[in-house]
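The values are calculated or read from the model by the stated rules, or taken from the named source; none is laboratory data. No experiment lies behind these values; they were computed from the predicted model shown. Reconstructed Cβ throughout: ideal geometry from the backbone, glycine too, with neighbour counts over all protein chains shown. Accessible surface is based on the protein model in full, side chains and every heavy atom, while ligands, DNA and RNA are left aside. Shrake-Rupley method; radii C 1.70, N 1.55, O 1.52, S 1.80 Å.
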Amino acid sequence: MLFTVLGPVATTVRGHTHLLPRSQRRAVLGYLLLNANRVVSQEAVVAALWADTPPPSARNQIHAGVSVVRAHLGSLGHRNALVRSQAGYQLSVEPDELDLLMFEDCLRRARSIAAGGQPATAAGLFRAGLELWSGPALGGAAAAYVASARTHFDEQRLGAIQDLLAQE
């Protein structure tokens, strides 16, 4: 299974990409993926989706959204990946299951190798990281956090391109 946020918020299993049907549900999944392997409170999810203007039904919408995400993951064979506790929600993923984690790992390794004087190897890792992108970050997600997160990831992408060019 591969989760993507460096393009459309989606889940790919055995070559088939699966999208949640509503942009807000994709935003819930995207936010949980941006915080993968960490507990996020319901209040944090509400703030991420609506900033300072949550609707009166925000908590119910979050609960419903998380339920849909959990059912979606279960239908794809990723049962028990999303858990709720007293503190909030946690989506557990392996490092090779999320494009963002793989991208960050490629950049970290490439920069270390570049500092060690191996430009060709570093360039290959920068290219591998950049190839993980498939469109605007968090594509198809609609929430308050999306624009600032997308800007942050675009800056990381631009930095990776500049670092790649410096190695060639």
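When R22, R38, R26, R14 are screened for being among the charged types (D, E, K, R) and within 13 Å of V146 (Cα to Cα), only R26 passes. Residues in segment 26-47 that are assigned to a loop (DSSP other than H, G, I, E, B) and crowded, with 16+ Cβ neighbours inside 10 Å: N35, A36. Kindly indicate the residue of segment 2-25 that is among the polar types (S, T, N, Q) and open to solvent by less than 60 Å² (accessible area, probe 1.4 Å) and also farthest from L138 (Cα to Cα) among those meeting that condition. So the residue we want is T12.
Restrict the check to segment 105-124 and report whether at least one residue is under 16 Å from L2 (Cβ atoms) and either assigned to a helix (DSSP H, G or I) or touching a residue at least 24 places away in the same chain (Cβ under 8 Å) (or both).
The answer is yes, given that some residue of segment 105-124 is under 16 Å from L2 (Cβ atoms) and either assigned to a helix (DSSP H, G or I) or touching a residue at least 24 places away in the same chain (Cβ under 8 Å) (or both).
Scanning segment 48-87 for residues that are over 18 Å from R26 (Cβ atoms), in a helix (DSSP H, G or I) and either among the hydrophobic types (A, V, I, L, M, F, W, C) or free of Cβ contacts under 8 Å to residues at least 12 places away in the same chain (or both) returns a single hit, N60.
Which of the residues spanning segment 1-17 are part of a strand (DSSP E or B) and either within 21 Å of L49 (Cβ to Cβ) or out of contact with any Leu (no Cβ under 8 Å at 6 or more places or on another chain) (or both)? Of everything in segment 1-17, those that are part of a strand (DSSP E or B) and either within 21 Å of L49 (Cβ to Cβ) or out of contact with any Leu (no Cβ under 8 Å at 6 or more places or on another chain) (or both) turn out to be F3, T4, P8, A10, T11, H16, T17. Only a single criterion out of (1) within 24 Å of E131 (Cα to Cα); (2) not hydrophobic (A, V, I, L, M, F, W, C); (3) not in a helix (DSSP H, G or I) is not satisfied by D96, namely (3).
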